[in-house]
Amino acid sequence: MSANKKTEAMTYEEADSSSDEEAQNNESNGKREHEEEEDDDEDMKSEDSEESYTDIYKGTEELQVEFEGRAPIDPDAEGISQLLQRLFPRAQINCNQLAQLLIAQNFVGSVICQCLDDGPESETDDNMVEDDTIFGITSVLNLTAKKEQTVIEQLRKYLLERAEKHATKQVHKQLCELLDNEQSHVGFLINERFINIPAQISVPLLQNLQQEIETAKAKKMKFNFDTLLLLVKFHRNAAKKSTSDEDQYTNAEEELLVERSKFSFEFTVDAECDAGLADESPRAKKGVLKPYRKLLALDAKQLPQLINDIQAFINGE
């Protein structure tokens, strides 16, 4: 994999009156608790050489930061783990080990980090953001070939237990059959990033991932997936009698993927999130949006088309 992946310039907007959700691993993780505080009324904005995103957000203060996608490396482990903890709040999943697994297969997948500029104009902006901050990760793990590894066992158990409790009998059966079928490999797609980093950045990251999967397959590596599972974060504003529920997806492009999934089920993580935290969500006009997760089963062969659909969705086509 090339060391220099395509750089994307994005507007990063801080969420108003909200906090990142805190996730706590079990004692065996040895992972210390971490809390990120989001500043009000700030955004980071930059221009890509091919496309400008200046119309995404108009704030009172602008922070110019250019993001780039690159292969994950060892120092990224803590940042990746923190992103995974937000996806799996208080789950019995060792996110430290999961992060190490993603780094070990760094020929597939990318992390989002700040593209540092040594020029004098960037000094103020660079000081506003930690140089080693990992803003997101896009990758995939083989749940079939790696099922004997402890952390993958934990992940599989997490998904099956939630399906047994929250999915229909048919969907639970479908998930069990997928994970039990050793001839048809299942990938767990990871598409995590800080809240309010625009959906535009997902397209080149997913395109890179697709290309890297194809390269790995050509080398006879175990990335020939039939199904991709994706755990989506969203928040629900419970409707009153006269209206329907309002769902807000943390990653906007994933709302489209819900419509393209072969099957799905959802469950709340409200109880797992710390009291007083809004799970990275803005507050609803009346009350706090409740955090949910939705597991999607996607046809892996359709990934290139799904990426095209996401691009069209972002462009409003």
> What residues have an amide H closer than 5 Å to that of I134, excluding those fewer than 5 places away on the same chain, when H is modeled at 1.01 Å from N in the peptide plane?
Replying inline: none
> Simple spin-label model, 7 Å along Cα-to-Cβ: D226 to T150 in nm?
Replying inline: 3.1 nm
> So if we plug the beta-carbon distance of K219 and E177 into 1/(1 + (r/R0)^6) with R0 = 25 Å, what FRET efficiency do we get, rounded to 0.05?
Replying inline: 0.30
>> I'd like to know how the range 157-198 sits against the 2.2 N^0.38 Å rule of thumb: what's its Cα Rg over that expected value?
In response: 1.51
> Can you list the residues, at least 5 places off or on another chain, whose amide H is less than 5 Å from the amide H of V140, using H built in the peptide plane?
Replying inline: I190
>> What's the whole-number percent of alpha carbon pairs in the range 143-234 lying beyond 15 angstrom?
In response: 68 percent
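Can you give the FRET efficiency for A312 and T243, using 1/(1 + (r/R0)^6), R0 = 30 Å, r = Cβ-Cβ distance, to the nearest 0.05?
Taking R0 as 30 Å, the efficiency between A312 and T243 is 0.55.
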> If we sort 173-185, 88-100 on the protection proxy, mean other Cβ atoms within 10 Å, highest first, what's the order?
Replying inline: 88-100, 173-185
> So for the range 130-190, Kirkwood radius off the Cα pairs, Stokes-Einstein at 25 °C and 0.890 mPa s: how many µm² s⁻¹?
Replying inline: 189 µm²/s
>> I'd like the distance between the alpha-carbon centres of the range 212-276 and the range 176-211, rounded to an integer number of Å.
In response: 10 Å
> Using θ = phi - 60° and the Karplus curve 6.51 cos²θ - 1.76 cosθ + 1.60, what whole-Hz ³J(HN,Hα) does each residue of the range 297-314 get, with Gly and Pro shown as x?
Replying inline: 10, 10, 6, 4, 5, 8, 4, x, 5, 4, 5, 4, 5, 5, 4, 5, 4, 5
>> What does the extension gain come out to for T268 and Q100, with contour length at 0.36 nm per residue minus their alpha carbon separation?
In response: 57.7 nm
> Between T227 and residues 5 or more places away or on another chain, which pairs have amide H atoms under 5 Å apart, with H built 1.01 Å from N, and which residues are they?
Replying inline: G187, A300
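Any read-out appearing in this document is the output of simple, stated calculations on the displayed coordinates, not a laboratory observation. These figures come from a predicted structure and were not determined experimentally. FYI the Cβ positions are ideal-geometry reconstructions off the backbone, even for glycines, and counts take in every protein chain you see.
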